[in-house]
Amino acid sequence: MEKHEHDYYHEHSHSYGIYILVWLALMVFTAITVAVAGMDIGRFTVVTALVIASIKAYLVLTIFMHLRSETKTFVVFVIVALLFLGISFALLFADYSYQ
Amino acid sequence: MSSTEHSVSAHVHTDDIGSRMGMWLFLFTELLLFGGMFLIYSVYRYEYPEAFHIAAKELNTIMGAFNTAVLLTSSLTMALSIVAIQRGQKNLSIVMQLITIFLAIFFLVNKYFEWSAKFHHGIYPGSEELLSKSSGEILFFGLYYVMTGLHGVHVIVGMFLIAVMTRMTRKEIITKDSYVRLENAGLYWHLVDIIWIFLFPLFYLIT
C-alpha cells in the first residue's frame with residue numbers, strides 16, 4: 001500500500017507548548033503597541049503600530065495557521081496574495097500622491 | 001492478498017492538503033475584501049489626518065485592547081483544540097472549541113456595549129450629531145462602523161462554523177484520523193483574528 005502523504009504533516013504539530021508561547025508573545029506585543037501609542041513619537045506611531053501588527057500577523061500565519069509545517073506551495077500562495085495586495089496599495093498611492 | 005482487497009474496498013478518498021489549499025484560496029478572497037476597505041481607510045487617513053486623530057479619541061482604547069486579548073485567546077484555544085484531536089483527546093478538543101465559541105460571544109457582547117455607548121452619544125451613521133462634524137470625522141466613523149461591523153459578521157459566521165465542528169467532533173465525524181474540517185474552521189477563525197490585529201491599531205490607537 002502507498003505511504004500516507006499526510007504523515008509528514010502529522011509529525012509536526014503535536015505539542016501544546018509552542019501555541020501557549022506564541023499566545024504569550026501576541027499578548028506582549030499587544031501591550032507594547034498600546035504603550036507605544038500613548039507616547040508622542042509623531043509620525044512613527046503609525047509605523048510602529050503597523051510593524052507590530054505585521055509581526056503578530058506573521059506569528060498567527062506561521063504557527064496558529066500551520067504555514068510553517070505546510071508544503072512550500074502554501075507559502076508561495078500566501079506570498080503571491082500579499083504581493084497583489086501590496087501592488088494595489090503601491091499603485092493607489094503612486095496615483096494618489098501626484099494629484 | 002485478502003488484506004489488500006479489504007483495504008481497497010474500505011478506501012475512502014481524502015485529500016487533506018487539497019482541502020486546506022481550497023480553504024486558503026477562499027481566505028485570499030476575504031483578504032482582498034478587507035484589503036479594499038483598508039485601501040479606502042489609508043487614502044482617507046492620508047487626506048484627513050487631523051480629523052481621524054480627533055475622531056479616534058472617541059473610541060475606548062481599553063475596551064479595544066481587551067477585545068484584542070479576547071480574540072487572541074480564542075485563537076489559542078482554537079489551535080489547541082486541533083492539537084487535542086490530533087492526540088485523540090476528544091473531550092479536551094470539544095472543551096477547547098466551546099471555550100472558543102464562548103470567547104467569540106464575549107467579544108460580540110463587548111462590541112455591543114461599545115456600539116451602544118457610541119449610539120447613546122448620538123454617533124451613528126446619519127445621525128445629526130455625526131453630520132455636524134467635519135467630513136473627515138464622518139468618514140472615520142463610517143469606516144469604523146463598516147469595517148468593525150463586517151468583522152463582527154465574520155465573528156458570528158466563525159462562531160457557527162465552530163459550533164458545527166463541535167457537533168461533528170461529538171458525533172465522531174471529526175476524529176484523530178480525519179480532522180481537516182476542524183483545521184479549515186480554525187484557518188477561518190485565525191484569519192478573523194488577523195483582520196482584528198490590524199483593525200485595532202488603525203482605529204483605536206491613533207494618537
Could you work out the local net charge near B:E183, counting Lys and Arg as +1, Asp and Glu as -1, over the other residues with Cβ closer than 9 Å to its Cβ?
+1
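Could you order B:I173, B:I123 by accessible surface area, starting with the largest, using a probe radius of 1.4 Å? The partial results should precede the final answer.
Details: B:I173 75, B:I123 5 Å².
Order by accessible area, largest first: B:I173, B:I123.
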Using the basic label-point model (7 angstrom from Cα toward the beta carbon), what is the B:F102 to A:L91 distance in nanometres?
4.8 nm
Summed buried accessible area for A+B [probe radius 1.4 Å, Å², rounded to 100]
4400 Å²
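Within 14 Å, Cβ to Cβ, of A:Y58, how many net charges do the neighbouring residues add up to if Lys/Arg are +1 and Asp/Glu are -1?
Working: positive: A:K56, A:R68; negative: B:D193.
Charge balance in the 14 Å sphere: +1.
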Based on Cα coordinates alone, diagonalise the gyration tensor for the stretch B:15-96, multiply each eigenvalue by 5, take square roots, and list the semi-axes in whole Å, largest first.
37, 22, 6
From largest accessible area down, sort B:Y179, A:Y58; use a 1.4 Å probe on the protein chains.
A:Y58, B:Y179
With no solvent term and unit scatterers on the alpha-carbon positions of the stretch B:97-173, Debye gives log₁₀ I(q)/I(0) at q = 0.27 Å⁻¹ of -1.19
Over chain B, the sum of -39500 (n - 2.57) across DSSP H runs of at least four, divided by residue number and rounded to 500 deg cm²/dmol, gives at 222 nm -28500 deg cm²/dmol
For peptide B:85-98, compute the average count of partner chain beta-carbon atoms within 10 Å of each residue's beta-carbon.
1
Shielding of A:88-99 by partner chains, average beta-carbon count, 10 Å:
2
Measuring from its Cα centre, the stretch B:112-193 shows a charge dipole (+1 at each Lys and Arg Cβ, -1 at each Asp and Glu Cβ) which, in debye to the nearest 20, is 400 debye
Go ahead and run the numbers for FRET between B:E30 and B:R167, Cβ-Cβ distance against an R0 of 25 Å, rounding to 0.05.
0.55
Tell me whether the protein assembly as shown comes out rounded, prolate or oblate; compute the Cα gyration tensor, take square roots of the eigenvalues as a ≥ b ≥ c, and use a/c under 1.5 as the rounded threshold.
prolate
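Summing +1 for each Lys or Arg and -1 for each Asp or Glu, what net charge is found among the other residues whose Cβ lies under 12 Å from the Cβ of B:Y204?
Every neighbour counted, the sum reads -1.
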Just to be sure I understand: if I project the alpha-carbon convex hull of the stretch B:145-191 onto a plane and average over all orientations, what area do I get in nm²?
3.1 nm²
Among B:L182, A:F84, B:H154, the residue whose Cα sits farthest towards the positive end of the charge dipole of the protein assembly as shown, when +1 is placed on the Cβ of each Lys and Arg and -1 on the Cβ of each Asp and Glu, is B:L182
Largest first, what is the accessible-area ranking of A:R43, B:R45, B:R20, B:R167 with a 1.4 Å probe?
A:R43, B:R167, B:R45, B:R20
Dividing the convex hull volume of the Cα atoms of the stretch A:31-99 by its residue count, what figure in Å³ per residue is obtained?
91 Å³
Alpha-carbon centroid distance for the pair the stretch A:25-76 / the stretch B:116-159, whole angstrom:
25 Å
At a temperature of 4 °C and a viscosity of 1.567 mPa s, determine how fast chain B diffuses translationally according to Stokes-Einstein, using the Kirkwood radius over alpha-carbon pairs as Rh; express D in µm²/s, rounded to the nearest whole number.
68 µm²/s
So, taking all protein chains as they sit and a 1.4 Å probe, how much accessible area belongs to B:E129, in Å² rounded to tens?
90 Å²
Could you give the size of the charge dipole of the stretch B:144-188 about its Cα centre, using +1 on the Cβ of each K and R and -1 on the Cβ of each D and E, expressed in debye and rounded to the nearest 20?
160 debye
All Cα pairs of the stretch B:127-207, percent lying beyond 16 Å
63 percent
Of the DSSP H helices in chain B, the ones reaching 20 Å or more along their long axis in Cα terms and averaging at least 0.5 in Kyte-Doolittle hydropathy are B:16-47, B:61-86, B:90-120, B:135-170, B:180-204
Top of B:H154, B:H121, B:H13 by mean-square fluctuation, Gaussian network on chain B, Cα under 10 Å:
B:H13
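The values are calculated or read from the model by the stated rules, or taken from the named source; none is laboratory data. As the structure is a prediction and not an experimental result, all values here were calculated from the model. In this analysis, Cβ positions are derived from the backbone assuming ideal geometry, glycine residues included, and neighbour counts consider all displayed protein chains. Heads up: the accessible areas ignore ligands, DNA and RNA and are worked out on the full protein's heavy atoms, side chains in. Shrake-Rupley method; radii C 1.70, N 1.55, O 1.52, S 1.80 Å.
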